[in-house]
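Enquirer: Shown below is the structure under consideration.
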Amino acid sequence: MLKNIKNLLCDLLYENGNLSITKFIAFYGYFIFTVITIYLIVTDQTWANYSEAAAYLAGSSTALIAGNKFVDSRYNTVQGGYGTVDGSRTNGKASLQDNINTVNTLLTKIDKQYTDITKDAEKLNDALTNAPDINNKTQSFKDKFFKKK
């Protein structure tokens, strides 16, 4: 769980392996806004200037994220593509092997989920088959609501 939180924070704060100051400031603004809000709720207090503080913290963080996106789009990517300026992903196109690996990973996950669902369905079928009382009630329900007219 801690590894997942660390990965999430790294995704939020880093770009191309480097800490992004604009992302850090935006995250910090939202964090302070959240802490203040939770504190006021928990202590059941009011703050006359809360609306101004919320607007400055959350609003400036949102504007900062938009500015960061503009800078990234304008200066840190290949024009007309998704790749980085250093060419690590030319025009945002992954290699054929990357695509094959991604498809194979997805197919493996789908196969595992299908197997799990099939096992669960078999267990449910066995449970319903071995419960004659439920079968009688089910048949009674079907007779009552689905009679042919």
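The values are calculated or read from the model by the stated rules, or taken from the named source; none is laboratory data. Quick caveat, the model's predicted, so the values are computed rather than measured. Here the Cβ is made from the backbone with ideal geometry for all residues, glycine too, and neighbour counts use every protein chain on show.
Enquirer: So which pairs qualify, if the first residue must be in region 109-127 and surrounded by 10 or more Cβ atoms within 10 Å (Cβ to Cβ), the second must be at pLDDT below 80, the Cβ gap must be under 9 Å, and the two must be at least 6 apart or on different chains?
Expert: Listed pairs, sorted by first residue: Ala127/Ile134.
Enquirer: Restricting attention to region 43-62, report how many residues are assigned to a helix (DSSP H, G or I) and closer than 21 Å to Tyr28 by Cβ.
Expert: In the first step, residues of region 43-62 are kept if they are assigned to a helix (DSSP H, G or I); the result is 43, 50-62.
Applying the additional criterion that residues be closer than 21 Å to Tyr28 by Cβ yields 50-62.
Total satisfying the criteria: 13.
Enquirer: Somewhere in region 53-63, is a residue more than 13 Å from Phe33 (Cα to Cα) and either exposed (fewer than 13 other Cβ atoms within 10 Å of the Cβ) or at pLDDT 75 or above (or both)?
Expert: The answer is yes, given that some residue of region 53-63 is more than 13 Å from Phe33 (Cα to Cα) and either exposed (fewer than 13 other Cβ atoms within 10 Å of the Cβ) or at pLDDT 75 or above (or both).
Enquirer: Taking only region 1-33 into account, find how many residues are under 13 Å from Tyr56 (Cα atoms) and of a type in the set (Ser, Thr, Tyr).
Expert: 2
Enquirer: Of all residues being exposed (fewer than 11 other Cβ atoms within 10 Å of the Cβ) and not polar (S, T, N, Q) in region 5-30, which is modelled with the lowest pLDDT? Just the residue, please. Walk me through it before giving the result.
Expert: Keep residues of region 5-30 that are exposed (fewer than 11 other Cβ atoms within 10 Å of the Cβ), which gives 5-8, 11, 17-19.
Next, only the ones that are not polar (S, T, N, Q) stay: 5-6, 8, 11, 17, 19.
Details: Ile5: 82, Lys6: 81, Leu8: 79, Asp11: 76, Gly17: 72, Leu19: 78.
Among those residues, the one meeting the criterion is Gly17.
Enquirer: May I pose another question? Might you let me know whether region 70-81 holds any residue that is at pLDDT 80 or above and part of a helix (DSSP H, G or I)? Reasoning before the result, please.
Expert: Filtering region 70-81 down to residues at pLDDT 80 or above leaves 70.
Narrowing the set further to residues that are part of a helix (DSSP H, G or I) leaves 70.
Among the residues of region 70-81, at least one is at pLDDT 80 or above and part of a helix (DSSP H, G or I), which makes the answer yes.
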